[in-house]
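This report refers to the structure that appears directly beneath it.
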Amino acid sequence: IIKEKLKSEKSFSKNYILGKNLGKGAFAEVKLAFNRMSGNPYAVKIIDTSKINEHKRLLLNFDVEKSILGRVKHPSIIKIHAIYYESSYFYVILDLAKGGELFDRIVEQGHFTENETRIIMLQLLLAINYLHFQGIVHRDIKPENILLSEYEGYNVKLADFGLAKIVGETSFMKTLCGTPMYVAPEVIKSYGKKVYSNKVDMWSLGVVLYICLYGFPPFSDDLAPPSLNQQIVQGIFTFPEENTNIVSREAKEFVSSMLTVDPEQRISAKEALNNPWLRAYKEGSAWKI
Ligand code: ADP
Ligand code: MG
């Protein structure tokens, strides 16, 4: 059955022409790909299965069958169109997000206005609420995994889950050599054991919200001591008051409701969708569909 779903051998290269690189991870490369029939552009995530162990390979097959092809359908989530298996590589055909990573847009603009941030957050919360309702936890929400549909506007799409969560590693795994900037306190406290609560996504989203508003992260090694892990576990962060960037009290309260150390007390996606700041959309903002 899996074989059928993964299409026949060799058909990726028969059906697509590869283009430039779009991004890279530990086990995966993402490239532009054009469908030979339609000429339409897609992103293709190429996963080298020779680099992953047998156990993970089995899980990957299972996951492909169980969920990925079709179950997750949401306007703010990157859609998987097809998966090919060809000489030990998986080729995952995805919606192309032409605007690239939210991360790069933040760097470009310095930070977003409250209205721009609100539009981004609304879409992300709708997507995360949808995933949580289906019992799916993303586990790796950060600006590198939030993509923009177009070069202009703020239409966002959540990327990198499902396959990636099995084959690749989440930010927590990367903490061994990298930074846990987006990782919830309960994940750090559990020393790498899997934390199943979907509240971990809400913490990471709180970090993303903060970065959208200020242009820099709430927790960072630059501020140490206390260490980054200590800052997160104790929920130590500040809202810097700068004349050039005044953030409203309501927006800050929304950040705090997500960056709450106790996952039980932390706001859920469903609750967050009712937040008054989120709903205080102003006319004439950057909303473009
Ligand atoms: P990894 O598991 O390696 O982190 P991702 O799915 O996050 O893989 O993809 C890595 C990078 O590739 C992303 O951060 C982004 O820059 C780029 N990328 C991924 N998917 C797409 C897409 N659908 N459209 C455009 N760029 C993408
Ligand atoms: Mg990623």
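Being within 16 Å of ligand 1 (Cβ to nearest atom), in contact with a strand residue (DSSP E or B) (Cβ under 9 Å, 6 or more places away or on another chain) and at pLDDT below 95: is that true of Gly178 here? No, not satisfied.
Show me the helices (runs of 4 or more DSSP H) found entirely inside the stretch 1-82 where at least 2 residues are in contact with an Asp or Glu (Cβ under 9 Å, 6 or more places away or on another chain) and modelled with pLDDT under 90.
Numbers: elements: 2-5, 11-15, 54-63.
Those helices (runs of 4 or more DSSP H) span 2-5.
Among the residues of the stretch 129-153, the ones that are away from ligand 1 (no atom under 16 Å from the Cβ) and at pLDDT 95 or above come to 1 in all. All of Leu205, Leu213, Leu209 fail the test of being at pLDDT 95 or above, surrounded by 15 or more Cβ atoms within 10 Å (Cβ to Cβ), more than 30 Å from Tyr89 (Cβ to Cβ) and within 16 Å of ligand 2 (Cβ to nearest atom), apart from Leu205.
The values are calculated or read from the model by the stated rules, or taken from the named source; none is laboratory data. All values reported here derive from a predicted model rather than from experimental measurement. Note: ideal-geometry Cβ built from the backbone for every residue, glycine included; neighbour counts use all protein chains shown.
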